[in-house]
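Student: This is the structure I want to talk about, given as structure tokens.
The values are calculated or read from the model by the stated rules, or taken from the named source; none is laboratory data. Source: prediction; values computed, not measured. Here the Cβ is made from the backbone with ideal geometry for all residues, glycine too, and neighbour counts use every protein chain on show. For the accessible areas, the whole protein counts, side chains as well, though only heavy atoms, and no ligand, DNA or RNA atoms are used. Shrake-Rupley method; radii C 1.70, N 1.55, O 1.52, S 1.80 Å.
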Amino acid sequence: MVSPAPFLISPSARGAALLARLKRIPGARYWAAAGLVLISLWVRVLLTPYLAGYGYICFYPGVILSAYWLGARPGLMAAGLSTVIVYNFMGPAPFSFPTDGQAMVGLGLFSVSSLLLIHVLSTIRARLNTLTTKHAQVEALARGQAELFRDHAQRTTDHLQLISAILQLRAREEADPVVSRVLTNAASRTMVISRTHREFTGGGDRRIPFEAFARKLVEASASRGGLPSDRVSISGGARDIPLEQATSLGLVLLEYLNTLKARRAAVALAVTLDEDGRDRFLDLAVTEGEGPAPDDIPLFEAITEQLGGRLLITRGAPGGGRGGVRITFPAEIQPVERWNPVAVSLH
């Protein structure tokens, strides 16, 4: 027996929920089929002045709906109950089974057509249930592949952004002005590719809560031998930041945590994201122990340039600590640096 599920004659959402509940209640489907037959009987009684003969046509909707909505067995019960009602109440002599040829032909046609309808509807329902199951499997597979693609695309975008920062850092350290300009152009182009890739994957306008994001990064770093998460306090409220800025700030935070690995037993860090008008600032303040020297975190300058912001590294952070970093940057994402082509390009 095929489990009932409405497909072709689709009821409303409430009707679908009701049918699902009926399926779970023992015997409820048969009572529902009997109700449909009684509705058919009510229609037959109303149309008595306009019908000749037994009026089987009024009972077909009850049989069809019972077979399709409720299942093959409730449909068979509806057909049998309709036959009993017609021959006991609708015939010329109530409570007597007619034996004339016309009555027998009508009975035979109603029985055969009802059986055919129930068989066809049951087959359709079985096929639709199979298609629905396969569709759900394909949809789940497609959704999983899409999630995998988005994850891969996000990782690629983040790596391109990191490569852009490294190229910018190398450009600043390069003594030859031509090579420096070529590296700067390469960093700019790589950043454009990163942003284009992010737009293509639908993450261009995506924003994420900084505090939850930073907490996950700290926990991931701690699981790999970094600063214990209980030694890091994070405050950023419910501020959401663009995904590109989150990637840059995440690189800053992970780089800072990596430099504190050797001092994790005696170092405490306070991470704060706040706003001041149109600017935001990220504070990494070492409240206990000693923070890294500026030379230990060269990537910060390149990432700060990506954000279009300003970098301040101090030896005395608020709260009695001995080291701190503040990156102030615009709340809006800044355009990439314009290319300055040279006669010979390395990128």
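Student: Within region 228-258, track down each residue that is among the charged types (D, E, K, R) and closer than 22 Å to residue 301 by Cα.
Tutor: 244, 255
Yes or no, residue by residue, for (1) closer than 30 Å to residue 242 by Cβ; (2) at pLDDT 80 or above; (3) among the polar types (S, T, N, Q):
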{"position": "120", "(1), (2), (3)": "no, yes, no"}
{"position": "126", "(1), (2), (3)": "no, yes, no"}
{"position": "143", "(1), (2), (3)": "yes, yes, no"}
{"position": "151", "(1), (2), (3)": "yes, no, no"}
{"position": "169", "(1), (2), (3)": "yes, no, no"}
{"position": "173", "(1), (2), (3)": "yes, no, no"}
{"position": "177", "(1), (2), (3)": "no, yes, no"}
{"position": "181", "(1), (2), (3)": "yes, yes, no"}
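Student: Touching a helix residue (DSSP H, G or I) at 6+ places or on another chain (Cβ under 9 Å) and modelled with pLDDT under 85, is that true of residue 277?
Tutor: Taking the combined requirement at face value, the residue does not satisfy it.
Student: Those residues that are crowded, with 21+ Cβ neighbours inside 10 Å and under 25 Å from residue 240 (Cα atoms), I need them from region 183-200; list them, please.
Tutor: If the condition is that a residue be crowded, with 21+ Cβ neighbours inside 10 Å and under 25 Å from residue 240 (Cα atoms), then 191, 194, 198 are the ones that fit.
Student: So, in region 46-59, of the ones that are part of a helix (DSSP H, G or I) and open to solvent by less than 60 Å² (accessible area, probe 1.4 Å), which residue ends up modelled with the lowest pLDDT?
Tutor: My answer is 56.
Student: A further question on this structure: For residue 172, are the conditions met, namely being open to solvent by less than 100 Å² (accessible area, probe 1.4 Å) and in a helix (DSSP H, G or I)?
Tutor: Against the criterion (open to solvent by less than 100 Å² (accessible area, probe 1.4 Å) and in a helix (DSSP H, G or I)), residue 172 qualifies.
Student: Here's a follow-up. Would region 80-99 turn up any residue that is at pLDDT 70 or above, open to solvent by less than 20 Å² (accessible area, probe 1.4 Å), under 16 Å from residue 121 (Cα atoms) and hydrophobic (A, V, I, L, M, F, W, C)?
Tutor: There is no residue in region 80-99 that is at pLDDT 70 or above, open to solvent by less than 20 Å² (accessible area, probe 1.4 Å), under 16 Å from residue 121 (Cα atoms) and hydrophobic (A, V, I, L, M, F, W, C).
Student: May I pose another question? Given the criteria surrounded by 12 or more Cβ atoms within 10 Å (Cβ to Cβ), at pLDDT below 80, out of contact with any Phe, Trp or Tyr (no Cβ under 6 Å at 6 or more places or on another chain) and of a type outside the set (Gly, Ala, Ser), does residue 155 qualify?
Tutor: Criteria not met by residue 155.
Student: Within the set of pairs 6+ apart or on separate chains, which have a first residue in region 113-137 that is closer than 14 Å to residue 76 by Cβ and touching a residue at least 12 places away in the same chain (Cβ under 8 Å), a second that is aliphatic (A, V, I, L, M) and open to solvent by 70 Å² or more (accessible area, probe 1.4 Å), and C-beta atoms under 7 Å apart?
Tutor: 118/76
Student: So the check is Cβ under 8 Å with 6+ separation or different chains; which pairs have a first residue in region 285-297 that's under 14 Å from residue 326 (Cα atoms) and at pLDDT below 75 and a second one that's of a type in the set (Ser, Thr, Tyr) and not in a loop (DSSP other than H, G, I, E, B)?
Tutor: Every condition considered, the pairs that remain are 292/256; 292/259; 297/256; 297/259.
Table: residues versus (1) open to solvent by 10 Å² or more (accessible area, probe 1.4 Å); (2) among the aliphatic types (A, V, I, L, M).
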position	(1), (2)
248	no, no
258	yes, no
261	yes, no
266	yes, yes
273	no, yes
279	yes, no
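Student: Which of the following residues is modelled with pLDDT of 80 or more, within 23 Å of the chain's Cα centre (by Cα) and closer than 19 Å to residue 328 by Cα: 270, 246?
Tutor: 246
Student: Which ones in region 222-243 are closer than 25 Å to residue 266 by Cα, at pLDDT below 85, open to solvent by less than 20 Å² (accessible area, probe 1.4 Å) and aliphatic (A, V, I, L, M)?
Tutor: Scanning region 222-243 gives a single hit, 227.
Student: Name, by its number, the condition in (1) under 30 Å from residue 290 (Cα atoms); (2) modelled with pLDDT under 80 that does not hold for residue 213.
Tutor: Every condition holds for residue 213 apart from (2).
Student: Same structure, new question: If I ask for residues that are at pLDDT below 85 and open to solvent by 30 Å² or more (accessible area, probe 1.4 Å), which ones from region 20-45 would you list?
Tutor: Hits for region 20-45 are 20, 21, 22, 23, 24, 25, 26, 27, 29, 45.
Student: Quick check: anything in region 201-221 in contact (Cβ under 8 Å) with a residue 60 or more places away in the chain, within 19 Å of residue 335 (Cα to Cα) and open to solvent by less than 70 Å² (accessible area, probe 1.4 Å)?
Tutor: No, region 201-221 contains no residue that is in contact (Cβ under 8 Å) with a residue 60 or more places away in the chain, within 19 Å of residue 335 (Cα to Cα) and open to solvent by less than 70 Å² (accessible area, probe 1.4 Å).
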